[in-house]
Amino acid sequence: MADESKKSHGMQDLLQQGIAFYKQKRYTDSLSFFLGLPADASVDSIELAYYIGLCYAKLERWEDALLYLEQVVTSGTELDRVLQCRFLLAVIYALSGRKRLAEFELNKLLETGYQTASVYAAIAYVAWEQNDVEKSLQYYEKSLEADPENLTSLNGMGYVLACENKDLTKALSYCKKATEAEPKSAACLDSLGWVYFKLGLLKEAKKYLDEAQKLDGGNEIIREHMRQISAFRE
């Protein structure tokens, strides 16, 4: 037992610098450190895969992140990390358009009892992308019941309601709350602008959509919203 404890401490000591970089949000430095460890370093391969996967995810290098996060999930060791990495897999799959894989991972999380506001929000997003409006609204509701301040669900709920022309007053309330919490979020500003557009308040709509476009000019959804407002004003 003593030898095992020493081995564990030794492994942590080797990884400590990379972990410190990660906690400081120096993800490129952290990744370089972990990838630069010699092949014969006395570190656990799953522990290393966990941190490398997290770094790639933070750097939005999705395909690289998947390779390492999947190793952690299939290892089955350390349940908390397995659940965390499975959730990250679901998010990456959703963001990269692989909705069925995202749904599979999220359902696996639900089966384990990992029913957090973030999981519900992710399910709601995937459902919306699959044109299942009722399921999307249902899971955004579940998410907000679990965490009334969940930013993703506040924004998502407001946006879906606006797109469906359902209860625009409630949609405005959700989107305002999300934007107040994250005033520099292009997604939140876009949703708020879109609600105002649906309400027929074009001046307010353009104001927030202009701000969203300045922050994320390459976003096709924001650009489409701007086109619709311009066409409506002409």
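As a ratio to 2.2 N^0.38 Å, the alpha-carbon radius of gyration computed for the chain takes the value 1.20. A straight chain from ASP29 to THR77 at 0.36 nm per residue would run longer than the Cα-Cα distance by 14.6 nm. Under a crude label model (7 Å from the Cα following the beta-carbon direction), how far is ASP44 from LYS99 in nanometres? In this crude spin-label approximation the distance works out to 3.8 nm. ASP216 sits among other residues whose Cβ lies under 11 Å from its own Cβ, and their net charge, with Lys and Arg +1 and Asp and Glu -1, is 0. The trypsin sites (Lys or Arg not before Pro) of segment 168-234 that DSSP puts in a loop, and whose beta carbon has at most 13 other beta carbons within 10 Å, are LYS184.
Projected label points at LEU202 and LEU37, each 7 Å from Cα along the beta carbon direction, are separated by 6.0 nanometres. Helix 220-233 and the longest principal axis of the Cα set of the chain meet at an angle near 10°.
One decimal place: the segment ALA146-ILE221 gains 24.1 nm when fully extended, by the rule 0.36 nm per residue minus the C-alpha distance.
Seen against the Cα atoms of the chain and their longest principal axis, helix 45-58 is set at about 30 degrees. Between helix 168-181 and the chain there is an angle of about 40 degrees, using the helix long axis and the longest principal axis of the Cα atoms. Scaling the Cα radius of gyration of segment 17-77 by the globular reference 2.2 N^0.38 Å produces a ratio of 1.05. Heavy-atom accessible surface of the chain, averaged per residue, reaches 55 Å², computed with a 1.4 Å probe.
Separation of segment 10-56 from segment 167-234 is 40 Å, based on Cα centroids.
Working from label points 7 Å from Cα in the Cα-to-Cβ sense, the ASN107 to LEU67 distance is 2.9 nm. The slack between GLN115 and THR169, meaning 0.36 nm per residue of separation minus the straight C-alpha distance, is 16.6 nm.
The values are calculated or read from the model by the stated rules, or taken from the named source; none is laboratory data. Computed from a predicted model, the values in this text were never measured in an experiment. As a convention, Cβ positions derive from the backbone with ideal geometry for all residues, glycine included, and neighbour counts pool all protein chains shown. These area figures cover heavy atoms from the full protein model, side chains too; ligands, DNA and RNA do not enter into them. Shrake-Rupley method; radii C 1.70, N 1.55, O 1.52, S 1.80 Å.
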